[in-house]
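Okay, so here's the structure we're looking at.
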Amino acid sequence: MRVVGEVKCYHCGHVSGEVEGTRTDHLVLHEFRPRPGYKGDVPQPGQRIRCERCQGPVFVEDLRPVPLYPEPIFSQLPAKRRKSSRNKAA
């Protein structure tokens with residue numbers, strides 16, 4: 001099962017970004033997505049992720065499944081009301 005969660009600092013509570021991975025018996029990380037405006041070095045595969053602000057240790061919070069299908073770009077448009085084509089009796 002693919003999951004995604006926020007990378008949050010134990011020391012200062014700063015959220016540096018998100019990680020995506022596979023959850024089996026343990027979490028296997030595949031990708032780190034920095035938050036918008038991230039100024040630290042992006043960790044490479046195999047490197048430890050540290051807090052961008054204070055370089056403290058981090059943990060993954062709010063782990064949730066990745067949706068199988070992306071959200072629709074266009075919402076469904078409401079159906080137009082059809083005008084009655086019946087002829088009115090005089």
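Key figures for this structure:
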quantity: Net +/- balance of residues flanking LYS8 in space, Cβ distance below 13 Å, scoring K and R +1, D and E -1; calculated: -2
quantity: Spin-label pair CYS54/VAL28, simplified geometry with 7 Å Cα→Cβ offset, distance in nm; calculated: 3.4
quantity: Net charge, ARG35 excluded, C-beta distance under 12 Å - Lys, Arg +1, Asp, Glu -1; calculated: +1
quantity: Label zone at GLN47 (point 7 Å along Cα-to-Cβ), backbone N below 16 Å, the range 1-37; calculated: 16-19, 30-35
quantity: In Hz, Karplus ³J(HN,Hα) per residue of the range 54-66 (6.51, -1.76, 1.60; θ = phi - 60°; x = Gly, Pro); calculated: 10, 6, x, x, 10, 9, 9, 10, 6, 5, 9, x, 7
quantity: Environment charge of LEU63, counting only residues whose C-beta is closer than 9 Å and scoring Lys/Arg +1, Asp/Glu -1; calculated: -1
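Bear in mind that the values in this text are calculations on the coordinates, not laboratory data. Since this is a predicted model, take the numbers as computed values, not measurements. Positions of Cβ are generated from backbone atoms using ideal geometry, with glycine treated the same way; all protein chains shown enter the neighbour counts.
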